[in-house]
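Since the structure comes first, as structure tokens, the remarks are kept for the end.
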Amino acid sequence: MILYYFKKITSLWQSSLMRNSFWGLASNISQALLISLFYVMLARKYSATDFSYFLIAISIYQFLTTISNLGLGQWFTREVANTGNTEKIISKFLKLQLYCGAGFYLFNVLIAFALYDNHEIRLLAALAGINIVFDNLIYVIKCLNIAGAAQHITFKIVVADSILKFLMVLLFCFFPMSIIALSFGLICIRFLTLNLFLKFGLRQRLDTRSLLINKIPIKEVARIVINNWPFLVIGSASVVYWRIGNIIISKMLSLFDVAIYEISFRIFSFFQIVPLILSATLFPHFVSLYNAGNTSQFTACYKKYLHFFLIYGLFIYTFIYSFSGWMVPFLFGQQYAAAPIYTEQMFLTMLLFPTGMLQATVLISMKLEKVDMIINIISLIIVVSSILVGLSFIHSLTVVNISIFISFLIFHICQDYILVKKGILTIRGVMNFYSATVLFIAGYAYLTSKYMAVTLFGIVWALVAVVLTITRWIKTVRSQSAIADTHTL
């Protein structure tokens, strides 16, 4: 059985798609880990007020930087693959992203001045917003690396960027600096990262003369955006979904609540990487199966990975439920001792997030990106309205976390409805999914009140691992026996 899995992994590594996806996954996990450490150091070294000011500025910047690239990554990747004159398309896309970055930077400053009277928040937002321009240019090269199966370049530069940020905070431990000075230092690091991307990502692909010669008319920009606008909504909805929550909290709750929410989200964002990257990796496979008209294999592939994503969500939630009580204060400091309960609440969404990302991938592979876009918009409207109405009556982060969970539950149910209509899912299968999730979590919560969380977590997941391994082995043996019987006949 071990030999079987070894051969399987070896065969997967021989695929250029899997190798490219591996570098994408490694890049994102490494970056998330180092960025998480970066925020841990910030939370421990700065006051809750300064930390919150910084988080508000970063939230505005991240909110806009997701929209500023116009969601044109897939269009650009496709054009690079299909167009012979790659230098022309690269120079046009680079110019487009530069103009959009500059425009959204100005919008970033206007939002900061319109929403906040605090001088420090405005200054931090103006500094952080400069990264929008840098990020847009980096976005071009990242997409180019994906199209050219050169994710290893992205991996190396992204890790270097994260290490430099972390080292800067370590330097702060010995030479204290203001939050403004730190923000300026982060801009310098991002500028260095941009130059690394330009040097190693665009080397021998583009020259300055080509960048000056090739122009992109406004009509062409409008045509590209109109033809690809569903991808803008789909690509930006997730980040907008989370970042807008922090902006609302900063206006309706305390600065301390801003810090608590960000701590919970930083932990959540680390664990959401695996389903996001794996869903993106599976996308080409789903597309090929669907285009081939092989409905049975398409459905079987979806259901197989659905089980994995479900188990991942259950595992991560029970991990946080069992260990967040001591883990969060240990990492971020005792001043945030109130954070664990809100972290547990936020991670309720993790029960649905992995399978939700998988089902979004399935819908897009079935050319239902407009349907997925509508579902995203519905979910976004629900979460914003729920938070605003809820906080008007109850001033607590619980309102925010429960609103996020409810909106994502509706998001998931809408996906289920579409997949049932398309014959990919059955009503019975949907009911089994929700029943299994509720019973498992309810049973785990009950047992946690009776036994030590650490011991229970280890025993439960050891048993799950044994059951899954035996089940997989039995299926493999049966499959081999069936093949042998066929040859005998």
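Looking at region 86-121, which of the residues that are in contact (Cβ under 8 Å) with a residue 24 or more places away in the chain and part of a loop (DSSP other than H, G, I, E, B) is surrounded by the fewest Cβ atoms within 10 Å (Cβ to Cβ)?
Ranking the candidates gives N118 first.
Checking the conditions here, which among F265, F271, F330 is in the same structural domain as V384 (by TED's automatic domain parsing), within 17 Å of F51 (Cβ to Cβ) and not charged (D, E, K, R)?
F265
Looking only at region 40-78, count every residue that is of a type in the set (S, T, N, Q), at pLDDT 90 or above and surrounded by 20 or more Cβ atoms within 10 Å (Cβ to Cβ) and tell me the total.
Residues flagged as of a type in the set (S, T, N, Q), at pLDDT 90 or above and surrounded by 20 or more Cβ atoms within 10 Å (Cβ to Cβ) within region 40-78 amount to 2.
The rows are residues; the columns are (1) in the same structural domain as T349 (by TED's automatic domain parsing); (2) at pLDDT below 95.
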| position | (1), (2) |
| --- | --- |
| F405 | yes, no |
| I410 | yes, no |
| K422 | yes, yes |
| T426 | yes, yes |
| Y434 | yes, no |
| L439 | yes, no |
| A442 | yes, no |
| L456 | no, yes |
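Here are some conditions: (1) among the aromatic types (F, W, Y); (2) more than 25 Å from F265 (Cβ to Cβ); (3) surrounded by 14 or more Cβ atoms within 10 Å (Cβ to Cβ). F408 meets all but one. Which one does it not meet?
(2)
Of a type outside the set (D, E) and within 20 Å of the chain's Cα centre (by Cα) - does that describe any residue in region 320-339?
yes
Just to be sure, is I141 in contact with a Leu (Cβ under 8 Å, 6 or more places away or on another chain), surrounded by fewer than 22 Cβ atoms within 10 Å (Cβ to Cβ) and either in a helix (DSSP H, G or I) or not aliphatic (A, V, I, L, M) (or both)?
Criteria not met by I141.
Within region 360-381, count every residue that is polar (S, T, N, Q) and within 14 Å of I410 (Cβ to Cβ). Spell out how you get there, then give the answer.
The initial filter retains those residues of region 360-381 that are polar (S, T, N, Q), namely 361, 365, 376, 379.
Filter once more, so that each one left must be within 14 Å of I410 (Cβ to Cβ): 376, 379.
Of the residues in region 360-381, 2 are polar (S, T, N, Q) and within 14 Å of I410 (Cβ to Cβ).
To keep it simple, each residue is scored yes or no on (1) free of Cβ contacts under 8 Å to residues at least 40 places away in the same chain; (2) on the phi > 0 side of the Ramachandran plot; (3) buried (at least 19 other Cβ atoms within 10 Å of the Cβ).
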| site | (1), (2), (3) |
| --- | --- |
| T281 | no, no, no |
| F286 | no, no, yes |
| G293 | yes, yes, no |
| L314 | no, no, yes |
| F319 | no, no, no |
| F323 | no, no, no |
| T343 | no, no, yes |
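Please find, among L171, L127, L144, the residue that is assigned by TED's automatic domain parsing to the domain that holds G71 and over 24 Å from L98 (Cα atoms).
The conditions single out L171.
The values are calculated or read from the model by the stated rules, or taken from the named source; none is laboratory data. In this text, all values refer to a predicted model and were calculated from it rather than measured experimentally. Heads up, the Cβs are rebuilt from the backbone with ideal geometry, glycines too, and the neighbour counts pull from every protein chain shown.
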